[in-house]
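Below: the structure, in structure tokens.
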Amino acid sequence: MTTATQGLVGTAHPRVEGRDKVTGAARYAGEIPFAELAHGWLVLSTVARGRVRALETGPVLALPGVLAVLHHGNAPRVETDYTGLLGGRPDPSAALFQSDRVAHRGWPVALVVAETSEQAREAAESLVVHYEQEPHDVDFSAGRASEAYALDSHVPAVAEKGDLEAALAASAVVVDAEYTTPEEHHNPMEPHAATARWEGGRLEVVDSNQGTNWVAGELASLFSLDPASVRVRSEHVGGGFGSKGLRAHQVAAVMAATVLQRPVRVVMTRRQMFSLAGYRSPTAQRVRLGADPDGRLRALEHRALNPTSAVHDFVEPSAAAGRSMYAADAHHTASQIVRLDVPTPTWMRAPGEAPGSFALESALDELAERLGIDPIELRVRNEPEVGPVSGLPFGSRNLVACFREGARRFGWDGRDPRPGLRREGRWLLGTGTAAASFPTTAMPSTAAVTAEADGTFTVGVNAADIGTGARTALTLVAADALEVPADRIRVRLGDSDLGPAIIAGGSMGTRSWSWAVTAAAGELRRSLAPGADIPPEGITARSNTAEAVAALAQKERHAFGAQFAEVAVDPATGEVRVRRMLGVFAAGRIVNPLTARNQLVGGMIWGLSMALHEEAVRDRASGGLYGADLAGYHVAAHADIGDIEADWVDDPDPDDPVGIKGIGEVGIVGAAAAVANAVWHATGVRHRHLPIRPDRVLMAGGDA
Ligand code: MOS
């Protein structure tokens with residue numbers, strides 16, 4: 001059925017691959033059949049620091065089906081002195097087996113390859129590895145002296161404006177508080193999996209990742225290959241959240257396929273993912289806010305510390321979010337790192353903003369309490385005209401509209417601000433709010449659109465649909481650009497041979513790919529003569545948005561949102577239930593309300609989970625995690641979720657051809673603070689350390 005011929009962007013559309021997914025026709029990386037396939041199984045270190053002294057490979061090689069054991073003594077050498085797509089050198093934990101050093105517990109020390117996955121696992125688990133163990137240090141706390149200011153490729157570590165101490169001294173009210181967030185793990189439902197093979201002189205890798213160019217580029221650099229001779233495909237991805245870039249499994253598969261000259265697959269187990277897939281580092285944050293009696297901020301200071309590994313720097317830029325949020329005469333923000341014997345953390349949904357907003361938006365709530373000003377009004381009074389630190393104009397900033405619409409729908413007006421007053425049987429009830437923001441950026445991408453002889457159109461763009469609905473969004477964008485129904489569009493993505501395009505990350509994907517698709521479609525329409533015959537091979541137009549993106553004026557570009565939560569707290573058990581959440585976002589033109597709502601509600605649920613459940617606990621003695629699996633690592637489950645709704649205000653990006661900003665991460669931002677602020681309103685007790693576990697609620701006591 002073909003009905004609408006234009007205006008599909010903004011209308012609800014089910015996922016174009018939805019049927020394939022629910023019927024099993026859509027295959028994930030670890031399920032795609034290969035002839036002559038061998039299976040690799042990673043062996044991870046059981047010590048947190050030291051050297052591999054010896055590996056008893058003899059008995060393992062004699063086991064049934066075993067083909068090879070790769071380790072630092074025999075693995076191919078790789079090149080690590082290069083700058084990758086996202087800046088920086090590769091993490092040595094992914095550039096496998098290049099030395100005998102062990103930098104953390106769970107460090108990959110060997111790969112056992114066998115005919116079957118079961119044989120590989122059996123052999124890998126029987127491999128005896130001898131270590132020279134050294135004392136390790138995995139102990140993170142606010143008191144740790146930071147060893148470095150980390151440089152992030154996008155966000156400067158330190159930004160300072162004005163005289164902070166003078167502004168604090170001149171403030172009528174000062175909030176000075178420390179907040180912590182624990183180590184958190186993304187662990188997408190589909191584990192990391194890659195199959196590598198050499199085919200006709202080309203390296204071919206079938207993988208689960210957030211950008212095939214990214215992984216192909218890294219593999220070409222590591223193995224000193226011509227980039228044109230590396231092809232990476234990743235058609236369906238069961239979640240990424242920042243964890244699916246270059247990881248040990250792809251490098252292991254390529255090494256083994258090279259040595260054995262046959263296809264090799266390496267899949268991470270869920271437990272291995274807790275060591276190899278990256279994670280969100282814990283944070284220790286200090287916020288100082290100084291304000292006049294009317295709530296106007298004189299001083300904003302936010303300092304954040306996070307651990308990274310001993311071998312690779314990663315900064316969680318938690319302090320950066322405030323730079324575009326609130327005006328203040330003196331504005332000091334800094335994100336620092338301390339190097340410990342732990343795995344390298346990585347990007348995880350709203351890196352920086354997710355933990356940073358917990359601290360900053362909790363502190364704002366504490367300031368509102370001290371001043372006797374409504375928390376929404378306090379934020380309105382500190383709305384900046386231009387970037388508070390940058391001085392740049394905002395592309396569009398509709399934060400206040402989100403709060404106004406959210407307050408109306410949530411029933412905020414008339415809220416009694418006093419804490420600990422509302423009872424319903426054994427429950428204490430409270431409501432809280434917090435702001436959300438995330439940068440929105442467009443990055444250069446290429447696309448090709450082909451008019452086929454049968455009247456359909458093929459769109460080739462190397463996007464990654466990691467479960468977001470990108471394939472569907474791009475279908476709608478292409479249909480509008482070509483003014484044809486969606487069922488005449490076929491989108492091909494997830495293949496590095498399609499040409500360069502930005503990764504699915506940083507909330508940049510849909511906007512950047514849509515721009516390229518719109519440009520290629522426009523080019524095609526200009527080159528098609530009305531009524532002309534289309535040859536059997538079709539007519540193709542290509543785009544590259546590099547120049548257009550580079551020509552964008554310097555601006556503060558962000559998506560915004562207002563988060564609301566209502567909680568019920570049982571002071572006898574310490575249990576916190578989130579009854580209602582509402583998020584109202586200003587996040588550019590929404591391409592597909594169905595998948596957008598899914599993305600935003602998913603982020604909000606994650607924020608709830610972060611507020612109440614998630615915490616990976618590192619054992620000082622072993623250097624590893626307690627309960628590194630989805631039984632030991634608690635996440636919000638269905639029974640934890642009440643009434644959660646996400647909606648948006650009209651906010652088309654003025655500088656984007658389709659009006660898109662990006663909604664990948666903003667949904668989680670501020671959600672944990674809204675829950676924590678609601679717990680304060682319910683109980684009168686501030687929780688500055690996540691998660692707000694029942695024991696913490698009980699120990700804190702409160703007005704109840
Ligand atoms: Mo996202 S943390 O940019 O994959």
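If the label point is 7 Å along Cα→Cβ of Gln261, which residues in the stretch 178-222 have backbone nitrogen under 13 Å from it? Residues 198-201 qualify, since their backbone N sits under 13 Å from the label point. Compared with the alpha-carbon gap, the fully stretched path from Gln98 to Thr540 is longer by 154.7 nm at 0.36 nm per residue. Here the stretch 303-386 has an Rg and Dmax of 15.3, 48 Å, counting Cα atoms alone. Measuring from a point 7 Å past the Cα of Arg19 along Cα-to-C-beta, which residues in the stretch 463-481 have an amide N at less than 18 Å? In the stretch 463-481, the label zone of Arg19 (backbone N under 18 Å from the point 7 Å along Cα→Cβ) covers 471-473, 475-476. From the largest down, the stretch 580-704 spans 54, 39, 26 angstrom on the principal axes of its Cα atoms.
Would you kindly state how much longer the chain becomes between Leu421 and Glu160 on full extension, computed as 0.36 nm times their sequence separation minus their alpha carbon distance, in nm to one decimal? Don't skip to the end; give the middle numbers.
Working: separation 261, 0.36 × 261 = 93.96 nm, distance 4.07 nm.
Extra length from Leu421 to Glu160 when fully extended: 89.9 nm.
Entry note, the chain: the mean residue ellipticity at 222 nm calculated from DSSP H runs of n ≥ 4, each adding -39500 (n - 2.57), is -7500 deg cm²/dmol after division by the residues and rounding to the nearest 500. So what is the diffusion coefficient of the stretch 365-509 in µm² per second by Stokes-Einstein at 25 °C and 0.890 mPa s, using a Kirkwood Rh over Cα pairs? Translational D for this selection: 124 µm²/s. For the stretch 186-226 and the stretch 507-579, what is the separation of their Cα centres, given in Å? If we compute the Cα centre of each part, the gap is 25 Å.
With an 8 Å cut-off on Cα pairs and a minimum separation of 6 or more residues, tell me the relative contact order of the stretch 442-552 in percent. The partial results should precede the final answer.
Numbers: 224 pairs, mean separation 46.4, N = 111.
The normalised contact order for the stretch 442-552 reaches 42 percent.
Taking every C-alpha pair closer than 8 Å and separated by at least 6 residues, the mean separation divided by the residue count of the chain gives a relative contact order of 17 percent. So which DSSP H runs in the chain come out at 20 Å plus along the axis (Cα) with average Kyte-Doolittle of at least -0.5? Helices passing the filter in the chain: 353-371, 509-527, 593-612.
Normalised by 2.2 N^0.38 Å, with N the number of residues, the alpha-carbon radius of gyration of the stretch 442-552 equals 1.01.
Counting Cα-Cα pairs of the stretch 338-396 in 5 Å increments starting at 0 gives whole-percent bin shares of 4, 14, 14, 17, 20, 13, 8, 7, 3, 0. Normalised by the number of residues in the stretch 165-243, the mean separation of alpha-carbon contacts (under 8 Å, six or more apart) gives a relative contact order of 32 percent.
Quote the Stokes-Einstein diffusion coefficient, in whole µm² s⁻¹, for the stretch 343-448, based on the Kirkwood radius over alpha carbon pairs, a temperature of 10 °C and a viscosity of 1.306 mPa s. Don't skip to the end; give the middle numbers.
Numbers: Rh = 16.9 Å.
Answer, rounded: 94 µm²/s.
Where Rh denotes the Kirkwood radius from the mean inverse Cα pair distance, what is Rg over Rh for the stretch 1-144?
Ratio of gyration radius to Kirkwood radius for the stretch 1-144: 1.17.
Accessible surface computed residue by residue for the stretch 129-218, with neighbouring protein chains in place and a 1.4 Å probe, gives 44 Å² per residue.
Pairs of C-alpha atoms in the stretch 421-470 farther apart than 16 Å represent 74 percent of all such pairs.
Considering only DSSP beta bridges with both partners in the chain, what is the antiparallel share in %, to the nearest 5? Here the antiparallel bridges make up roughly 75 percent for the chain.
Each Lys or Arg adds one and each Asp or Glu takes one away; over the other residues whose Cβ falls under 9 Å from the Cβ of Val9, this sums to 0.
Between the stretch 328-397 and the stretch 261-286, the alpha-carbon centres lie 29 Å apart. Over the stretch 377-417, accessible surface divided per residue gives 47 Å², non-protein components excluded, 1.4 Å probe. Hydrodynamic analysis of the chain uses the Kirkwood radius over alpha carbon pairs. Inserted into Stokes-Einstein at 10 °C and 1.306 mPa s, it gives a translational diffusion coefficient of 60 µm²/s.
The calculated FRET efficiency for Thr456 paired with Leu552, based on their beta-carbon distance and R0 = 30 Å, is about 0.35.
The values are calculated or read from the model by the stated rules, or taken from the named source; none is laboratory data. Since this is a predicted model, take the numbers as computed values, not measurements. Cβ sites come from the backbone with ideal geometry, for glycine too, and all protein chains shown count toward neighbours. These accessible areas exclude ligands, DNA and RNA; they are computed on the full protein's heavy atoms, side chains included. Shrake-Rupley method; radii C 1.70, N 1.55, O 1.52, S 1.80 Å.
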